[in-house]
Amino acid sequence: DSSVLSCLMTPGTGSSILSALQDLSWLSKSKVEKQLQIISVLQWVLTFLIMGVACTVTLMYILCTDCWVIAAVYLAWLVFDWNTPKKGGRRSQWVRNWAIWRYFRDYFPIRLVKTHNLLTSRNYIFGYHPHGIMGLGAFCNFSTEATGVGQKFPGIRPYLATLAGNFRMPILRDYLMSGGICPVNRDSIDYILSKNGRGNAIVIVVGGAAESLNCTPGKNSVTLKNRKGFVKLALRHGADLVPVYSFGENEVFKQVIFEEGSWGRWVQKTFQKHIGFAPCIFHGRGLFSSNTWGLLPYSKPITTVVGEPITVPKIDHPSQREIDLYHNMYVSSLIKLFDKYKTKFGLPETEVLDVN
């Protein structure tokens, strides 16, 4: 059409069209990046909540179809590979370096702060605090390379320890292992600290499910007073203890807190005792708006500070007195770490870490 051709050939029209395209919000680079950040976090939340059950159900369904051979082969391999999670797993640097984890990091954002060097000639047990609802900082910092843990601690291999039950779920177990995640049980930890060389760092979320029941915005509380098993493991293997505190971990979800003695808390503790996790009633923001409720965490900054290592001797059969000694040293070191960095990451000078 001659009129269209004339319009396109009019001086300045090209730049006008380009300007108009740039004004479209959905083409904005920042908007696209924000959507990618939301997608990256959503896939992880869904992985955390439903991937294990979904993969199990899907595998059982495939067994009942004409494609049953695929499921049968996978199950046969699963039996053969069953003990791999207990032997350090099968980490993949390719998976740990996926671009999706950088979008995941930038959504909050999440940062990793190094305070001291770690010797590659030693093994370590990192005590991670607090648990939060999903341990977002623990995952991003130690199961991916998004915050540069490999560059900040060269020669150190981090292993994030989580519920052993996750490694009984098909597909999910392989996905977790690819990030360097291992079961939080004695067999797995003993293997990594005694048969996997030096430079290993097992990250244990010490407070576990019990601590997750009390996490809520504005509260800095850790479950630690009677958690001494990780100290005993450190002494048995001569692995140095490293306190780690994540400022902001409790800010990304809002939770209904049930009082001690209530029926809700009884249900949560019963689940925790028999299944290993405690069901929490929580919410974040919606998928399309931060003003609605949903499963996406709020985009609040999470800053994970790795403290100074506590040198631990190797004692094959540590006494309770020795365990208590190093546990007290660890608690004091954690409180010192919290007090030193709290004002730098938005907390008032009067804020006190509550150790339960």
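Data table
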read-out: The chain - percent of accessible surface contributed by carbon and sulfur, probe 1.4 Å; value: 61 percent
read-out: Per residue accessible area of the chain, 1.4 Å probe, in Å²; value: 51 Å²
read-out: Option label - Rg and Dmax of the Cα atoms in Å computed here, alternatives (1) 21.4, 69; (2) 20.4, 64; (3) 23.7, 93; value: (3)
read-out: Calculated [θ] (222 nm, deg cm²/dmol) that DSSP helices of n ≥ 4 give over the chain, each run adding -39,500 (n - 2.57); value: -12500 deg cm²/dmol
read-out: Leading residue at positive end of dipole, the chain (Cβ point charges), from Tyr330, Val305, Tyr61; value: Tyr330
read-out: Farthest toward positive dipole pole in segment 29-355 [+1 Lys/Arg, -1 Asp/Glu at C-beta], among Ser290, Gly89, Phe271; value: Gly89
read-out: Exposure rule at most 13 other beta-carbon atoms within 10 Å, DSSP loop GluC sites (Glu not before Pro): the chain longest free segment; value: 1-258
read-out: Segment 280-354: C-alpha gyration tensor shape, a/c 1.5 cut-off, then a/b vs b/c; value: prolate
read-out: Inter-part distance where segment 222-301 and segment 48-78 are each reduced to a Cα centre, Å; value: 30 Å
read-out: Segment 113-139-segment 310-356 distance, computed between alpha-carbon centres (Å); value: 13 Å
read-out: DSSP H segments from the chain that extend 24 Å or more along their own axis, Cα-based, with Kyte-Doolittle mean of 0.0 or above; value: 29-46
read-out: Contact order normalised by residue count of segment 29-355, Cα under 8 Å, 6+ apart, percent; value: 22 percent
read-out: Unsatisfied cross-links (Cα-Cα over 18 Å) in the set Lys86/Lys225; Lys219/Lys254; Lys86/Lys269; Lys219/Lys273; Lys300/Lys344; Lys219/Lys342; value: Lys86/Lys225; Lys86/Lys269; Lys219/Lys273
read-out: Radius 15 Å from Cβ of Trp266, net charge of other residues (Lys, Arg +1; Asp, Glu -1); value: +1
read-out: Residue with peak Gaussian network fluctuation, the chain [Cα springs, cutoff 10 Å], from Val205, Val306, Val267; value: Val267
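The values are calculated or read from the model by the stated rules, or taken from the named source; none is laboratory data. This structure is a prediction, so every number in the text was calculated from the model and none was measured. Here Cβ is always computed from backbone atoms with ideal geometry, including for glycine, and neighbour counts include all displayed protein chains. Just the protein is used for accessible areas: all its heavy atoms, side chains included, with ligands, DNA and RNA removed. Shrake-Rupley method; radii C 1.70, N 1.55, O 1.52, S 1.80 Å.
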